[in-house]
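Report on one structure; see the data block that follows.
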Amino acid sequence: MISVVKQNVVELPTASFDSPKPFLKWVGGKRQLMDHLVAALPAHFNRYFEPFVGGGALFFELQPVRAFLWDSNEELIDTYITLRDDVEGVIRHLKRHVYQKEHYYEVRAKRVSRLSPQGRAARMIFLNRTGFNGLYRVNQRGEFNVPFGRHANPRICNEQNLRAVSKSLIGVDLRATSFEAVLKNARKGDFIYLDPPYIPLSKTSNFVAYQKHGFGLDNQEVLADVIEQLDQRGCYIMLSNSDVPWMKKRYRKFHIEKVSASRNVNSKATARGHVGELIVTNYR
Ligand SMILES: C[S@@+](CC[C@H](N)C(=O)[O-])C[C@H]1O[C@@H](n2cnc3c(N)ncnc32)[C@H](O)[C@@H]1O
């Protein structure tokens with residue numbers, strides 16, 4: 001465990017932009033836990049790494065200057081890259097989309113390889129904002145298969161936010177890669193926030209099929225090994241996951257805080273509700 005002196009005010013290396021917000025609704029999105037996460041940050045750190053970036057809620061909250069945002073979902077990372085490099089092109093494409101069932105299924109059926117990067121990014125944002133529950137789910141062939149969602153007047157194109165997002169991504173290292181890559185890049189004093197797909201609370205209760213290949217306990221075990229190596233190196237680690245006995249046992253040498261958040265990842269409405277989550281840090 002690293003010991004850091006906590007100050008009353010957390011000093012963050014931030015840049016000043018219009019405040020960008022996550023532009024995707026992402027399963028496991030961290031907006032509800034934000035106050036707990038911010039309160040659990042180390043007082044100082046060098047560079048910011050988020051190897052399971054998803055919707056990037058903590059990144060957008062902090063806007064650290066030197067950031068590495070990675071995820072194994074290539075389409076997601078391509079969307080970040082295109083938004084950073086040509087936000088006006090993405091906005092132009094996004095404005096062509098309408099909230100309408102037939103249009104949704106037409107867009108969903110499009111071969112992404114035939115679209116321009118701007119068209120692909122706009123498709124991803126459109127499907128995310130109008131599909132069921134903001135899920136990202138693909139079939140065995142890697143095709144997006146989330147059904148049309150019922151929303152009251154969904155906002156498909158928030159131009160102002162997309163421009164703010166684009167600015168906040170300038171200079172950010174965006175990579176489609178698996179989380180282990182962090183071992184090759186992180187150095188002493190860097191901060192690494194890890195928010196992997198959650199360990200299911202029961203066999204049916206949780207949604208982990210973000211990708212063709214799920215994230216099983218074997219992956220959680222590899223992640224725990226990676227975290228130990230980063231700890232030895234002197235990195236600051238913060239990890240969020242569900243409150244299950246395996247977590248408490250595997251991370252017993254670290255500091256564990258229990259928090260509560262409402263989850264919306266089960267298709268049965270009755271199964272939605274408050275679940276326990278853990279925030280693990282190697283400092284206090
Ligand atoms: C719980 S979500 C992250 C949510 C994010 N913190 C947010 O605020 O939206 C987990 C993410 O891990 C990604 N992922 C799954 N397996 C991965 C792997 N092996 N390496 C890196 N990312 C992975 C998924 O694509 C998904 O975006």
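Remarks
- Filtered residue count, segment 22-42, keeping only those that are at pLDDT 95 or above and part of a loop (DSSP other than H, G, I, E, B): 6
- Flag if Ile170 is among the β-branched types (Val, Ile, Thr), assigned to a loop (DSSP other than H, G, I, E, B), under 26 Å from Ala67 (Cβ atoms) and under 20 Å from the mean Cα position of the chain (by Cα): yes
- Some residue of segment 80-90 being under 19 Å from Tyr193 (Cα atoms) and either at pLDDT 95 or above or surrounded by 20 or more Cβ atoms within 10 Å (Cβ to Cβ) (or both): yes
- Of all residues in segment 27-46, exactly one satisfies the criterion of being under 15 Å from the mean Cα position of the chain (by Cα) and either β-branched (Val, Ile, Thr) or not assigned by TED's automatic domain parsing to the domain that holds Thr281 (or both), namely Val27.
- Flag if Phe60 is in contact with a Leu (Cβ under 9 Å, 6 or more places away or on another chain) and either closer than 16 Å to Asp173 by Cβ or assigned by TED's automatic domain parsing to the domain that holds Asn282 (or both): no
- Selection count, segment 129-167, where residues are of a type in the set (Phe, Trp, Tyr) and assigned to a strand (DSSP E or B): 2
- Lys184 satisfies every condition listed in (1) without any contact (Cβ under 8 Å) to a residue 60 or more places away in the chain; (2) outside the structural domain of Trp246 (by TED's automatic domain parsing) except (2).
- Among the residues of segment 1-21, those that are at pLDDT below 80 and either of a type in the set (Phe, Trp, Tyr) or touching a helix residue (DSSP H, G or I) at 6+ places or on another chain (Cβ under 9 Å) (or both) comprise Met1, Ile2, Val10, Leu12, Pro13, Thr14, Ala15, Phe17, Asp18.
- Residue check for Phe148: surrounded by 14 or more Cβ atoms within 10 Å (Cβ to Cβ), under 30 Å from Glu88 (Cα atoms), modelled with pLDDT under 95 and among the hydrophobic types (A, V, I, L, M, F, W, C): no
- Enumeration of residues in segment 43-65 that are buried (at least 20 other Cβ atoms within 10 Å of the Cβ) and out of contact with any helix residue (DSSP H, G or I) (no Cβ under 9 Å at 6 or more places or on another chain): Phe45, Pro64
- Of all residues in segment 173-190, exactly one satisfies the criterion of being among the basic types (Lys, Arg) and in a helix (DSSP H, G or I), namely Lys184.
- Verdict on Val165 being touching a strand residue (DSSP E or B) at 6+ places or on another chain (Cβ under 9 Å), closer than 30 Å to Val65 by Cα and surrounded by 19 or more Cβ atoms within 10 Å (Cβ to Cβ): no
The values are calculated or read from the model by the stated rules, or taken from the named source; none is laboratory data. Everything quoted here is computed from the prediction, not taken from an experiment. Here the Cβ is made from the backbone with ideal geometry for all residues, glycine too, and neighbour counts use every protein chain on show.
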